[in-house]
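Each remark here refers to the structure printed beneath this line.
What follows is calculated from the coordinates using simple rules that are stated; it is not laboratory data. Keep in mind that what you see is a predicted model, and the values were worked out from it rather than measured. Here the Cβ is made from the backbone with ideal geometry for all residues, glycine too, and neighbour counts use every protein chain on show.
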Amino acid sequence: MTNEMYLQFSSISENESFARVAVSAFITPLDPTIDELNEIKTVVSEVVTNCIIHGYNNEPHHFITIQCQINEQSELHLTITDEGVGIEDISKAKEPLYTSKPELERSGMGFTIVSSFMDEVEITSQLNKGTTVHMIKQLAKHKTVYES
């Protein structure tokens, strides 16, 4: 059996922690390790923050969507989407220390961190239409909650 979650929330910084907790709660029945949980929480924080700051330029009247799916193999599929300005050059955005907003003194390590904590990362984006980050992480199999 597959378990799925869909969540949509306003693009305000206060919701970054909400998103992190929601995804953590969703995977908790699988009894993830502390490292797995921390890595997933960090990834959610990084991508949601990118949506808010870069996708929507800190404008609060937009939405971010998170979709999660866990399959029988304890594999997490996590997709985070905004409908913001998009990324002009994805390969450049993935470079360590690159930031499109140097005036904010951001580190530019978001996608580097995401790639190091997830098994697979796919970024798609269209200018003025938004960005989708789809990630996959194989969790250690501790429980068989979702098996039929």
So, with points 7 Å from each Cα along the Cβ direction, the Phe18-Ser116 label distance in nm works out to 3.0 nm
Evaluate the relative contact order of the chain (contact order divided by residue number), counting alpha-carbon pairs under 8 angstrom at least 6 apart; express in whole percent. 29 percent
Proximal charge balance of Glu75 [Cβ under 9 Å; K/R count +1, D/E count -1]: -1
Net charge, Thr124 excluded, C-beta distance under 14 Å - Lys, Arg +1, Asp, Glu -1: -4
Whole-Hz Karplus ³J(HN,Hα) for segment 20-31, in order, using 6.51 cos²θ - 1.76 cosθ + 1.60 and θ = phi - 60°, x for Gly and Pro? 4, 5, 4, 5, 4, 5, 5, 8, 4, x, 7, 6
Work out how far the C-alpha atoms of the chain reach from end to end along every principal axis, then list the three figures in whole Å, largest first. 48, 30, 24
Two pseudo-spin positions, 7 Å from Cα along C-beta at Asp31 and at Asp89, lie apart in nanometres by 4.9 nm
Grab the beta carbon distance between Ser10 and Asn128, set R0 = 25 Å, and tell me the FRET efficiency rounded to 0.05. 0.80
Cα-based count: Lys pairs in the chain below 28 Å, eight or more positions apart or different chains? 14
Helix-derived [θ] at 222 nm for the chain: sum -39500 (n - 2.57) over DSSP H runs of at least 4, divide by residue count, nearest 500? -8500 deg cm²/dmol
